[in-house]
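Shown next, in structure tokens, is the structure this report addresses.
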Amino acid sequence: MDRTEASGKTASEGFETLAVHGGDLEDPFRALTSPIYMTSTYTFPGVEEMSSVLAGERPGYVYSRAGNPTVGAMEKLVARLEGGESGVAFASGMGAIAAVLLHFAKSRLPLIVSRHLYTGTRHFVSGMLEPLGILVKVADLRVNGEGLGNFRELLRAGAGGVFCETPSNPSLDIVDLSAVGALCTEYGVPLAVDNTFPSPALQNPLRHGATIVVHSATKYLGGHGDLLGGVAVGRAEAIGKIATVESPLLGATLSPMNAWLILRGIKTLALRMEAHTVRATALAQFLKEQPMVLDVRYPGLSSRPGHEVVLRQMSGAGGMLSVAFDGAVRARRFMDALRVIRIGVSLGDPSSLVEHPATMSHRGYSKEQRELMGVPDGLVRLSVGLESPDDLLRDVEGALRSL
Ligand SMILES: Cc1ncc(COP(=O)(O)O)c(C=O)c1O
């Protein structure tokens with residue numbers, strides 16, 4: 001039981017209040033911060049007590065691969081922040097994505113995935129699902145894409161689940177969640193949305209028709225670049241099945257220590273997302289005026305396709321942006337010239353990080369495939385951190401000048 005429930009109060013007055021107090025565990029010493037249950041197993045006073053917990057007749061824990069109080073607090077908190085009923089945590093975002101896609105695949109119907117997805121998700125499809133004989137169809141779900149007519153056809157033909165991401169990594173394309181969610185509801189197909197980029201502070205896909213939301217908690221939820229974690233939240237029925245089958249059987253179990261760090265990170269999530277957004281907005285505005293920059297992809301720019309959808313489904317544009325230069329050489333020279341912003345593949349940290357998808361995260365794809373995925377050779381992805389806005393602007397300005 002969490003402390004807010006124990007005291008009979010609800011912590012659902014506002015997002016920030018819930019984020020600060022909603023993950024607290026009851027503690028006999030009334031410690032301000034929650035205990036961390038670093039245990040692999042749990043003991044019982046007698047066989048009967050253990051049997052009744054195993055049978056689900058009374059609450060409790062048996063083994064930490066199937067459940068742990070600290071991990072449970074984090075699952076419940078993210079579920080509440082997203083407007084979901086329950087959650088299940090994983091050792092990484094990929095753990096959550098793998099479990100959800102395998103859960104969908106058990107329908108034995110084809111799966112539909114968005115063309116504009118994090119590369120790890122795409123690699124899971126081509127490296128795991130397809131070799132297992134699972135049919136996966138790719139749909140362009142962007143607001144500026146082919147339109148949703150083709151998607152409707154795919155749904156009509158029957159599907160076990162749909163998986164998409166908005167804004168997408170690294171192309172920053174936007175999916176209209178309400179439109180996609182309405183079609184999925186019409187055809188009775190569950191929709192899973194990777195909400196890693198906006199975090200629950202800026203977007204709640206469950207409110208737009210999604211059945212399941214997944215996060216790489218490694219990113220904004222943890223928020224400090226010091227852990228790996230993942231979580232899937234949503235309706236109790238779907239999450240309950242994943243929590244009792246895919247999660248314990250895949251074994252990608254989140255450690256209690258990392259769950260605690262994620263709970264700590266979430267306490268400042270709303271503030272951090274605001275600060276990331278302020279800095280990313282300033283950089284995007286600056287970059288779009290620079291002659292050497294071919295394109296700036298940031299959901300907060302009114303010139304971007306899907307901006308009206310962003311205004312409807314996001315409460316802020318977030319900290320991720322991509323900048324297109326004329327070719328890979330210029331892109332990489334720009335990155336090498338940065339001093340405050342560091343080169344690295346993760347995102348959502350206090351440190352600003354920059355990567356070159358064509359030669360880093362997307363190096364396994366041909367140029368044609370990358371173009372289709374919205375990743376030209378000159379694209380640079382920037383995770384705008386929490387350094388002083390002036391230092392970030394000066395860094396980018398200096399790097400551009402050196403080109
Ligand atoms: C959008 C998105 N989803 C999922 C993941 C996978 O998360 P993890 O690295 O925690 O497995 C990432 C990682 O970069 C990501 O950017």
Can you confirm whether residue 309 is under 18 Å from residue 283 (Cβ atoms) and away from the ligand (no atom under 16 Å from the Cβ)?
no
Can you go through 86, 64, 92 and tell me which one is under 16 Å from the mean Cα position of the chain (by Cα) and among the polar types (S, T, N, Q)?
92
Those helices (runs of 4 or more DSSP H) lying entirely in the stretch 45-132 with at least 3 residues in contact with a helix residue (DSSP H, G or I) (Cβ under 7 Å, 6 or more places away or on another chain) and more than 16 Å from the ligand (Cβ to nearest atom)
69-82
Which residue pairs have Cβ atoms under 8 Å apart, sit 6 or more places apart or on different chains, and have a first residue in the stretch 42-63 that is in contact (Cβ under 8 Å) with a residue 12 or more places away in the chain and a second that is in a strand (DSSP E or B)?
42/63; 62/41; 63/41
Regarding the stretch 23-32, can at least one residue be identified that is at pLDDT 95 or above, of a type outside the set (S, T, N, Q), part of a helix (DSSP H, G or I) and assigned by TED's automatic domain parsing to the domain that holds residue 258?
no
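Yes or no, residue by residue, for (1) surrounded by 17 or more Cβ atoms within 10 Å (Cβ to Cβ); (2) polar (S, T, N, Q); (3) within 20 Å of the chain's Cα centre (by Cα):
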site: 270; (1), (2), (3): yes, no, yes
site: 283; (1), (2), (3): yes, no, no
site: 291; (1), (2), (3): no, no, no
site: 294; (1), (2), (3): no, no, no
site: 305; (1), (2), (3): no, no, no
site: 310; (1), (2), (3): yes, no, yes
site: 313; (1), (2), (3): yes, yes, yes
site: 317; (1), (2), (3): yes, no, yes
site: 324; (1), (2), (3): yes, no, no
Can you run down the residue pairs with Cβ atoms below 7 Å, 6 or more apart or on separate chains, where the first is in the stretch 189-202 and touching a residue at least 12 places away in the same chain (Cβ under 8 Å) and the partner is acidic (Asp, Glu) and within 14 Å of the ligand (Cβ to nearest atom)?
193/165; 194/165
If you check 169, 150, which single one turns out to be more than 26 Å from residue 323 (Cβ to Cβ) and in contact with a strand residue (DSSP E or B) (Cβ under 8 Å, 6 or more places away or on another chain)?
150
Might you let me know whether the stretch 266-280 holds any residue that is touching a strand residue (DSSP E or B) at 6+ places or on another chain (Cβ under 9 Å), closer than 28 Å to residue 398 by Cα and of a type in the set (Ser, Thr, Tyr)?
no
Given (1) of a type in the set (Phe, Trp, Tyr); (2) within 16 Å of the ligand (Cβ to nearest atom); (3) over 11 Å from the mean Cα position of the chain (by Cα), identify the lone condition not met by residue 220.
(3)
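The values are calculated or read from the model by the stated rules, or taken from the named source; none is laboratory data. None of the values given here were measured: they were computed from a predicted structure. Cβ coordinates were reconstructed from backbone atoms using ideal geometry, including for glycine residues, and neighbour counts include every protein chain displayed.
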